[in-house]
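These notes are about the structure you will find just below.
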Amino acid sequence: DHDVFAVNANTLTKGTVFSSVGTTLFNMAINPTSGKIYVTNTDSPNEVMFEGHGDHGGSTVQGKLSLSRVTILDPAGPSQDVQHLNQHINYANLHTDGGANHAAINAQIQHSLATPLQPTISSDGNTIYIPAFGSKKIGVFTRAELEDPNFEANFDPTIQSADYLSTFSGGPTGLALDEVNNRLYVMMRFSNLIEV
């Protein structure tokens, strides 16, 4: 499962190869300060079959179809570190269960980022913006947060999501950061508008 390849631009020879970065890779950006590469992706449990209740097939992916993540690649290592953005979700609680607590499930949605796309990084490398195509949000992270090797232990989306930016329409994809004027321009694919 080889996912990301370094290629020498002069000789076209293959360099470092990163494996198991994610199931579906979306975009990459290089932090200008640390030199680390941020790869937005989703990871799907493809070894688990079927989507129903699991009564007939013996297994189900219901409730945990894919995880939204950013994988941090360090070419200097080389090494990689996977950051699961929605670790607050209890994937065992299904909305189809009898007596399901829909208020709790909806609360989880409020802190979630679905389908992370093109990261945009401030010129000092300290602030990272990630549009979440399926969530109407822009995830806002510090470099220290995103590159923390103990991200899963130290990052709590129910708290950190207070820093996320909400959009009016859905499908945020591309970002353009105007640091001089303190503006972030967001391409919205559902409405075909630019939000500021």
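The values are calculated or read from the model by the stated rules, or taken from the named source; none is laboratory data. Small disclaimer: the values here were computed from a predicted structure and weren't measured. Neighbour counts run over all protein chains shown; Cβ positions are idealised from the backbone, glycine included. Surface accessibility is based on the protein's heavy atoms, side chains included, excluding ligands, DNA and RNA. Shrake-Rupley method; radii C 1.70, N 1.55, O 1.52, S 1.80 Å.
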Hey, what's the chain come to in accessible area per residue, 1.4 Å probe, Å²?
55
So which chymotrypsin sites (Phe, Trp or Tyr not before Pro) in segment 122-196 end up in coil per DSSP with only 13 or fewer other C-beta atoms within 10 Å?
Phe168, Phe190
For segment 53-146, go through all pairs of different Cα atoms, get the mean of 1/r, take its inverse, and jot down that Kirkwood value in Å.
15.5
Could you work out the Kirkwood radius for segment 88-196, taking every pair of different alpha carbons, averaging 1/r and inverting it, reported in Å?
15.1
For the chain, what percent of Cα pairs sit more than 22 Å apart?
53
With all protein chains present, the chain has a carbon and sulfur share of its accessible area (1.4 Å probe) in percent of 52
Just from its helices, what would the mean residue ellipticity at 222 nm be for the chain, if runs of 4 or more DSSP H residues each count -39500 (n - 2.57) and the sum is divided by every residue, rounded to the nearest 500 deg cm²/dmol?
-2000 deg cm²/dmol
Taking every other residue with Cβ under 14 Å from the Cβ of Ser20 and scoring Lys and Arg +1, Asp and Glu -1, one gets -4
Give me the lysines in straight-line cross-link reach of Lys136: C-alpha distance below 28 Å, same-chain residues under 8 apart excluded.
Lys36, Lys64
